[in-house]
Amino acid sequence: MEAAWRGPAVPLLADGDARSTAGNARSVAAAARRVGASDVTLVTSSWHRLRARVLVRAALDLGIRLEVVSPQRTRPLYQLGRELGCLLGLPVQLRVGGRRSRG
């Protein structure tokens, strides 16, 4: 997704370690806290955009603005089906690890 970024020349952080969207969301939130970000732009695929937005928004601290952008729209049938299944599990994903800490 780094290669898809067409925005201003700003430092980009890529998460290559997380193995799930919920894990990515936690990493994004931790990085935002670490650098003192007031704005976060999440770059993700068009078919993954909704779930990624929900999980990252839940993980980010209040007051941090979130923008989600996607490269060219692609809607591969396999990925759409997989994403639909993952969306059905979104409440569990939020309960398990997507919520921001209150501390």
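Derivation of every value follows stated rules applied to the coordinates shown; laboratory data play no part. All figures in this text were calculated on a predicted structure; none of them were measured in a lab. Cβ coordinates were reconstructed from backbone atoms using ideal geometry, including for glycine residues, and neighbour counts include every protein chain displayed.
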Within region 21-54: backbone nitrogen closer than 15 Å to the R6 label point (7 Å, Cα to C-beta): 43-46
Once amide H atoms are placed 1.01 Å from N in the peptide plane, what residues at a sequence separation of 5 or more from V68, or on another chain, have their amide H within under 5 Å of its amide H? L42
Over region 2-98, what is the relative contact order in whole percent, taking alpha-carbon pairs under 8 Å and six or more residues apart? 32
Could you sort 83-90, 50-57 so that the peptide with the highest average Cβ count within 10 Å comes first and the rest follow in order? 50-57, 83-90
Between S38 and L88, the FRET efficiency computed from the C-beta separation at R0 = 22 Å comes out, to the nearest 0.05, as 0.10
